[in-house]
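The values are calculated or read from the model by the stated rules, or taken from the named source; none is laboratory data. Quick caveat, the model's predicted, so the values are computed rather than measured. Note that each Cβ is placed from the backbone with ideal geometry, even for glycine, and that neighbours are counted across all protein chains shown.
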Amino acid sequence: MDIQAYLQSHSVILLFLIIVIGFLFGRIRILSFSLETSGILFAAMVFGNYGYTLPGEFQTLGLILFIYAIGLQAGPSVFNISGKQGFRLNFLVFILISVSALLTLLFSKLWHVDMTMAIGLFTGALTSTPGLAAAQEATGSPLTSTGYGLAYSFGVIGVILFIKLMPFIFKVRIKDEEEQIAREESRRQKPVRRKEVVITNQALEGKSLNDLQFFRTTGTVISRILQKGKVLIPGPDTRLHVGDIVRIIGEESQLKAVIPFLGKESERPMPDVSNFESRKFILTRREIVGKTIAELNLRQRYNANITRVRRGGLEFTAEPNLKLQWGDRVRVAGEAEQMEQIRRLFGDEMRKIEYGDVFAIIMGILVGILIGLIPFSVGKLISFNLGITGGVLFAGLILSNRGKLGPVIWQVPVPIITFMRDIGLTFFLAVVGTKAGYQVVQVVQTQGPKLILMGALITVIPMVLVALAARTKYRMFLLDLMGLISGGMTSSPGLAAATSMSDSQRPIIMYATVYPFAMILMIIWAKILALF
């Protein structure tokens with residue numbers, strides 16, 4: 001039996017064979033350097049060089065799963081980036097792509113390369129399929145696609161190698177940087193504390209918490225009051241009296257400010273009461289996702305208060321206007337006999353946050369595909385659409401950040417996101433690698449080294465310049481820079497290389513932050529270059 005013919009007629013077997021060999025190849029370590037997941041790309045290129053091909057549908061499916069998973073993972077965090085930081089990141093991406101475009105124009109004049117070919121080299125060097133589509137539309141020449149094929153292979157490989165070599169170039173250990181980032185985040189994170197305070201301020205006698213606008217003015221929460229020997233769960237109408245002992249919850253600085261206002265720290269601890277409990281619940285009930293703590297009105301309904309919320313590894317004081325999200329851990333203080341009803345209110349079903357809603361995932365992807373098909377135009381010069389990649393990423397970012405729309409919960413458990421991302425990436429790399437492997441040898445033989453060198457320089461020079469600027473001027477962490485370079489070069493394999501080197505989400509967040517701007521800027525520059 002002809003093995004090659006058999007594998008070509010059984011694409012699924014060929015796909016899994018390439019992936020397995022790629023994983024094994026990626027685990028080979030040389031001086032602490034390994035390709036990890038990117039080994040699939042290189043293994044696939046070897047297969048492609050010998051004439052093996054895989055259906056493009058595998059690539060499309062893999063890319064959709066990978067990009068949507070990135071959107072889901074980054075959505076809750078990416079919009080929290082400050083305006084100043086966002087401007088800086090997009091400015092660096094503007095420099096990256098603009099330098100690439102200007103180099104394309106310069107080399108085409110110096111080396112007498114047809115501009116229709118040069119534009120294809122530009123889009124291939126930055127691995128931008130939407131850019132190629134815009135360029136092809138603008139030039140109408142088959143040379144544009146040829147140029148894309150010439151530069152694409154090194155565009156993929158060059159970004160991967162540069163990201164893999166960045167720790168050596170800048171002499172940074174990823175583990176050391178992860179520890180530094182953890183220390184900085186720990187310093188920024190303000191832990192929630194609790195104190196018992198005896199009220200001595202005569203001006204507070206008989207005043208209700210509503211009269212004082214207590215949370216708004218102090219930023220802290222009173223979770224219990226010992227009044228006349230009885231522990232109470234306070235509400236807006238609860239009145240304070242001199243001699244009361246209150247338990248307040250808030251950040252250290254807030255507590256230091258509010259204690260002198262109330263009185264002084266109590267030497268007498270708050271007594272335990274047999275009918276009083278403080279318990280944690282997981283929010284898994286669709287009906288209350290997106291509601292504020294105030295809207296739940298636990299004080300009136302159950303004589304209980306939410307005192308703290310834990311989300312994404314961070315714990316903070318429960319503010320009345322805080323909107324609750326799927327999977328939040330909430331701590332509730334109240335009467336023991338009410339806890340079962342409160343548990344039912346929140347759902348508190350761990351299995352629901354361990355399993356995703358398949359309908360929501362598929363529907364979110366479909367929404368993204370439809371968004372990607374919508375045409376946009378800027379005057380008469382530029383018209384474009386986001387494409388499948390851009391549309392799916394946009395949908396993942398928006399839907400996961402929104403959390404809930406109608407009865408649908410768009411947020412997906414982290415283990416499922418990770419699986420989607422990894423399986424999608426392996427499919428994508430396998431197909432892209434076989435295509436690139438076939439093209440590399442063919443174009444070298446027919447087109448010569450000059451065009452390949454031009455594409456390589458368009459890939460490498462802007463990355464080096466931006467990396468140096470980001471490290472020297474902005475002191476950017478290497479993990480952030482990896483995501484910035486991957487997103488600016490619109491390189492999913494580059495992001496895969498970055499994520500394989502660290503468990504941190506920072507490269508993913510940076511990638512998702514700059515990718516939409518980079519994609520649109522690529523389309524604009526492709527249109528501009530076509531005018532020359």
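Some values worked out for this structure:
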quantity: Subset of the range 357-399 (residues that are small (Gly, Ala, Ser) and modelled with pLDDT under 80); calculated: Ser377, Gly379, Ser383, Gly387, Gly390
quantity: Any hit, the range 387-394, residues being in contact (Cβ under 8 Å) with a residue 24 or more places away in the chain and farther than 30 Å from Thr53 by Cβ; calculated: yes
quantity: Some residue of the range 276-289 being of a type outside the set (Gly, Ala, Ser) and farther than 27 Å from Lys404 by Cβ; calculated: yes
quantity: Count of residues meeting criterion [in a helix (DSSP H, G or I), over 13 Å from the mean Cα position of the chain (by Cα) and among the small types (Gly, Ala, Ser)] in the range 499-528; calculated: 2
quantity: Number of the condition not met by Gly290 [criteria: (1) among the small types (Gly, Ala, Ser); (2) out of contact with any helix residue (DSSP H, G or I) (no Cβ under 8 Å at 6 or more places or on another chain); (3) not in a loop (DSSP other than H, G, I, E, B)]; calculated: (3)
quantity: Some residue of the range 446-469 being assigned to a helix (DSSP H, G or I), at pLDDT 90 or above, under 16 Å from the mean Cα position of the chain (by Cα) and surrounded by 24 or more Cβ atoms within 10 Å (Cβ to Cβ); calculated: no
quantity: Any chance Ala294 is under 19 Å from Gln341 (Cα atoms), assigned by TED's automatic domain parsing to the domain that holds Phe346, at pLDDT 80 or above and among the small types (Gly, Ala, Ser); calculated: yes
quantity: Residue list for the range 478-498, filter: farther than 20 Å from Phe428 by Cα and over 15 Å from the mean Cα position of the chain (by Cα); calculated: Leu478
quantity: Residue check for Leu54: in contact with a Ser or Thr (Cβ under 6 Å, 6 or more places away or on another chain), outside any helix (DSSP H, G or I) and either at pLDDT 80 or above or not aromatic (Phe, Trp, Tyr) (or both); calculated: yes
quantity: Extreme residue, modelled with the lowest pLDDT, among residues of the range 271-290 that are over 24 Å from the mean Cα position of the chain (by Cα) and over 22 Å from Leu232 (Cβ atoms); calculated: Glu287
quantity: Yes/no for Glu277 being assigned to a strand (DSSP E or B) and of a type in the set (Asp, Glu); calculated: yes
quantity: Candidates Gly406, Gly390 - the one that is out of contact with any strand residue (DSSP E or B) (no Cβ under 8 Å at 6 or more places or on another chain), surrounded by fewer than 18 Cβ atoms within 10 Å (Cβ to Cβ), not assigned by TED's automatic domain parsing to the domain that holds Gly56 and not aliphatic (A, V, I, L, M); calculated: Gly406
quantity: Scan of the range 244-270 for residues that are of a type outside the set (A, V, I, L, M) and in contact with a Leu (Cβ under 7 Å, 6 or more places away or on another chain), ordered by number; calculated: Asp244
quantity: Residue list for the range 229-285, filter: of a type in the set (Lys, Arg) and out of contact with any strand residue (DSSP E or B) (no Cβ under 7 Å at 6 or more places or on another chain); calculated: Lys230, Lys256
quantity: Count of residues meeting criterion [within 28 Å of Asp328 (Cα to Cα), loosely packed, with under 14 Cβ neighbours inside 10 Å and acidic (Asp, Glu)] in the range 238-295; calculated: 4
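To keep it simple, each residue is scored yes or no on (1) outside any helix (DSSP H, G or I); (2) at pLDDT below 80; (3) out of contact with any His (no Cβ under 9 Å at 6 or more places or on another chain); (4) within 30 Å of Phe276 (Cβ to Cβ).
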| residue | (1), (2), (3), (4) |
| --- | --- |
| Val156 | no, no, yes, no |
| Phe162 | no, no, yes, no |
| Met166 | no, no, yes, no |
| Lys175 | no, no, yes, no |
| Arg183 | no, yes, yes, no |
| Ser186 | no, yes, yes, no |
| Arg193 | yes, yes, yes, yes |
| Asp211 | no, no, yes, yes |
| Thr217 | no, no, yes, yes |
